[in-house]
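Notes for the one structure printed next.
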Amino acid sequence: MGSRVGRRRVLAWLARGSVAAAAALATGQTVRFLSYEPPNPTASIIPLGLPGDYPRGRLVYFAEAQAYVGHDAEGLYVVDAVCSHLGCLVVLAEESGFVCPCHDSSFDAQGNAQNGPATKPLRFLHIWWDVDEGQLLVDRTKPVEPTVRLPL
């Protein structure tokens, strides 16, 4: 007759296996969290319309680009609406700047992270007037300095 495995031994194996599985899952999620890169929309170059669509002194959300288009005294600019923390879409704050509704990160008007969990600033994106298209275009793959403007 073969050796019998006792109930205690089976329960010990199950407990060790559960702890090992939980540790593996936690490690995997931690690595995923720390190396997160926000997803890109399906297209990287997105038409934004005409400069007249963006009144001076306001930020206008453009859903197809997942970005805010601003118009100030120096010209037009585009702020990425994808939060640098985990990729939620930021909204305009009541005072000024932006707030992430997922984890309450806040950003000033220049996109700098004010409080966490986000530590990286929002990206400003390359905007230009395309003569052939007859409209403004933005490239989500080309970040620019926050001071860059498209003069009008």
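The values are calculated or read from the model by the stated rules, or taken from the named source; none is laboratory data. These numbers come from a predicted model, not from an experiment. Glycine also receives a Cβ, built like all others from the backbone with ideal geometry; neighbour counts cover every protein chain displayed. In case anyone asks, the SASA skips ligands and DNA or RNA and just uses the protein heavy atoms, side chains included. Shrake-Rupley method; radii C 1.70, N 1.55, O 1.52, S 1.80 Å.
Here is how the numbers come out for the structure above:
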| quantity | calculated |
| --- | --- |
| Residue check for residue 17: open to solvent by 30 Å² or more (accessible area, probe 1.4 Å), of a type in the set (Gly, Ala, Ser), at pLDDT 90 or above and part of a helix (DSSP H, G or I) | no |
| Contacts under 7 angstrom Cβ, first residue in region 100-117 being hydroxyl-bearing (Ser, Thr, Tyr) and modelled with pLDDT of 90 or more, partner open to solvent by less than 70 Å² (accessible area, probe 1.4 Å) and not in a strand (DSSP E or B), 6 or more apart | 105/83; 105/85; 105/116; 105/117; 105/118; 106/93; 106/97 |
| Qualifying residue in region 72-86 (condition: in a strand (DSSP E or B), open to solvent by 70 Å² or more (accessible area, probe 1.4 Å) and farther than 22 Å from residue 46 by Cβ) | no |
| Spans of strands (runs of 3 or more DSSP E) in region 107-152 with at least 1 residues within 19 Å of residue 54 (Cα to Cα), open to solvent by less than 80 Å² (accessible area, probe 1.4 Å) and in contact with a Phe, Trp or Tyr (Cβ under 9 Å, 6 or more places away or on another chain) | 124-130, 135-144 |
| Matching option when the condition is closer than 22 Å to residue 131 by Cα, at pLDDT 85 or above and aliphatic (A, V, I, L, M), among 65, 43, 23, 12 | 65 |
| Lone unmet requirement of (1) at pLDDT 80 or above; (2) surrounded by 10 or more Cβ atoms within 10 Å (Cβ to Cβ); (3) of a type outside the set (A, V, I, L, M); (4) closer than 23 Å to residue 125 by Cβ for residue 38 | (1) |
| Qualifying residue in region 89-99 (condition: out of contact with any Asp or Glu (no Cβ under 9 Å at 6 or more places or on another chain) and modelled with pLDDT under 90) | yes |
